[in-house]
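The structure appears below as structure tokens.
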Amino acid sequence: MNLFARTYSKSELDLFDFLSKNKLFGKLTHKEMSLFLPYMHLRMYKQDEVVFFRGDPSQALYLIKEGRISLELDMGEKFETVVQLQQFASFGNNSLLPKTRRIFNAFVISPFCQLYVVPQVNIQHIFESKPIIKAKIMESLAEVYNDNLGNLCKTYRSVHGFFELGEMFKEVVYGI
């Protein structure tokens, strides 16, 4: 037993448990997770409230503590749901990358929603000072993106190509 090991409060342990259920933070130790705790701001949202719009600067990562979020694409005057997310999911994941913009619109679809908001500036500060943490989170982000691309291709095959798949990749410069 290490007499000098840091002990954590019940609320910190609860947050570690919450973070460990999120794919992005699941590979981190408690000590590594503890660096994010001062920057996790709990915000309350109501049904139909907008969290962000497509095209907005990606300035924060969101973690769903309670409630449901819909990520949607605006198609002219209407919105098409891409995915609905619930507790433990993250969204706005592209905030882990510098100088990005939102790809989707994010709306609250439950009567209320509690979100932890982690500002991009704080994430980048941790990444700069702790490259191991950055590597772990970026590996998890790559796994999330790989799973999403795999699901897209699986769905495309199952509906016998409802659009020209080459259109999706025509602007790919560096590979996929």
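The values are calculated or read from the model by the stated rules, or taken from the named source; none is laboratory data. Treat the numbers as computed from the prediction; the structure is a model and nothing was measured. Positions of Cβ are generated from backbone atoms using ideal geometry, with glycine treated the same way; all protein chains shown enter the neighbour counts.
Structural remarks
- Test: residue in the range 92-104 that is among the small types (G, A, S), more than 20 Å from M138 (Cβ to Cβ) and surrounded by 15 or more Cβ atoms within 10 Å (Cβ to Cβ): no
Yes/no matrix, rows are residues, columns are (1) more than 26 Å from M33 (Cα to Cα); (2) assigned to a helix (DSSP H, G or I):
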| site | (1), (2) |
| --- | --- |
| K99 | no, no |
| N122 | no, yes |
| F127 | no, yes |
| I132 | no, yes |
| S140 | no, yes |
| T155 | yes, yes |
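- Residue within the range 55-63 that is touching a residue at least 40 places away in the same chain (Cβ under 8 Å), in contact with a strand residue (DSSP E or B) (Cβ under 7 Å, 6 or more places away or on another chain) and of a type in the set (D, E) present: yes
- Going through (1) within 18 Å of F88 (Cα to Cα); (2) in a helix (DSSP H, G or I) one by one, N146 falls short only on (1).
- Condition check for F127: surrounded by 15 or more Cβ atoms within 10 Å (Cβ to Cβ) and either aromatic (F, W, Y) or more than 12 Å from the chain's Cα centre (by Cα) (or both): yes
- So F88, is it under 21 Å from H30 (Cβ atoms) and either exposed (fewer than 14 other Cβ atoms within 10 Å of the Cβ) or in contact with a helix residue (DSSP H, G or I) (Cβ under 8 Å, 6 or more places away or on another chain) (or both): yes
- Selection of the range 93-111 for residues being more than 12 Å from L61 (Cα to Cα) and either in contact (Cβ under 8 Å) with a residue 60 or more places away in the chain or aromatic (F, W, Y) (or both) yields F104, F107, V108, I109, S110, P111.
- Top-ranked residue in the range 133-176 [being touching a Phe, Trp or Tyr at 6+ places or on another chain (Cβ under 8 Å) and modelled with pLDDT of 80 or more; ranked as surrounded by the most Cβ atoms within 10 Å (Cβ to Cβ)]: I137
- E80 vs. criteria modelled with pLDDT of 95 or more and of a type in the set (D, E): no
- Residue, farthest from G92 (Cα to Cα), within the range 1-37, restricted to residues that are touching a residue at least 60 places away in the same chain (Cβ under 8 Å) and not in a loop (DSSP other than H, G, I, E, B): E32
- Residues of the range 44-59 satisfying the condition of being outside any loop (DSSP other than H, G, I, E, B) and surrounded by 15 or more Cβ atoms within 10 Å (Cβ to Cβ): Y45, V51, F52
- Annotation: M75 fulfils all but one of (1) farther than 18 Å from K21 by Cβ; (2) in contact (Cβ under 8 Å) with a residue 40 or more places away in the chain; (3) of a type in the set (A, V, I, L, M); the unmet one is (2).
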